[in-house]
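Undergrad: What follows is a single structure, and I will ask about it in a moment.
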Amino acid sequence: MPSPIRICRGIDDTDEKMSETYLYLTTTGRKTGNPHRIEIWYVEHDQRYYLASERREASHWVQNIAANPAVTFSIGTRDNPESVLPLSAGKARILDDKASSRLVADVKRALEAKYKWSDGLIVQLERESR
């Protein structure tokens, strides 16, 4: 049976990578209504979380967000996906490169510093207020 988590960046499963933290994002399928969960690199900036979609609008998870911005997400390791941030409800927003140019540039610099990679469409996640 395949894993319910899709790896969005090609990385191996060595022990070193097993302890790396990822963001686990669940969107609602725009066609099926079923939950769609991915594992993805992220950066935190001003109490929000940012992701980059290498395939931009062609990524299914981005298409799902465009149809329904309500998401859930957690942050943790592959062994414990909620070890850093427990599962949280939130709202996603696809950032427009031109309208949010300064924020997009800041996020891309942070991604580049953390992962040596920053190519893609930037998506912002914000936790729901409690």
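Where a number appears in this text, it was derived from the coordinates with a stated rule and is not lab data. Keep in mind that this is a model prediction, so the values were computed, not measured. So basically every Cβ, Gly included, is an ideal-geometry build from the backbone, and we count neighbours across all protein chains shown.
Undergrad: Under the 0.36 nm per residue contour assumption, what length would be gained going from the current alpha-carbon distance of Asp119 and Thr77 to full extension?
TA: Once the chain is fully extended between Asp119 and Thr77, it gains 12.8 nm.
Undergrad: Taking 8 Å as the Cα distance limit and 6 or more residues as the minimum spacing, I'd like the relative contact order of the stretch 19-125 as a percentage.
TA: 31
Undergrad: Arrange Thr77, Thr27, Thr72 by Cβ neighbour counts within 10 Å, fewest through most, would you?
TA: Lowest to highest Cβ neighbour count: Thr77, Thr72, Thr27.
Undergrad: Let me ask you something else. What FRET efficiency would be calculated for the residue pair Ala70, Asp97, taking the C-beta separation as r and a Förster radius of 30 Å, to the nearest 0.05?
TA: Here the calculated transfer efficiency is 0.80.
Undergrad: Another question, then. If you stretched the chain out fully between Lys31 and Gln47, how much longer would it get, using 0.36 nm times the residue separation minus the C-alpha to C-alpha distance?
TA: 2.7 nm
Undergrad: A follow-up question, please. What net charge is computed for the residues neighbouring Tyr49, neighbours being all others with C-beta under 15 Å from the C-beta of Tyr49, Lys and Arg scored +1, Asp and Glu -1?
TA: Result for the local shell: -1.
Undergrad: Does the stretch 19-125 classify as rounded, prolate or oblate by the C-alpha gyration tensor (a ≥ b ≥ c root eigenvalues; a/c under 1.5 gives rounded; else a/b over b/c gives prolate, otherwise oblate)?
TA: Oblate is the answer for the stretch 19-125, as a/c is 1.5 or above yet b/c matches or exceeds a/b.
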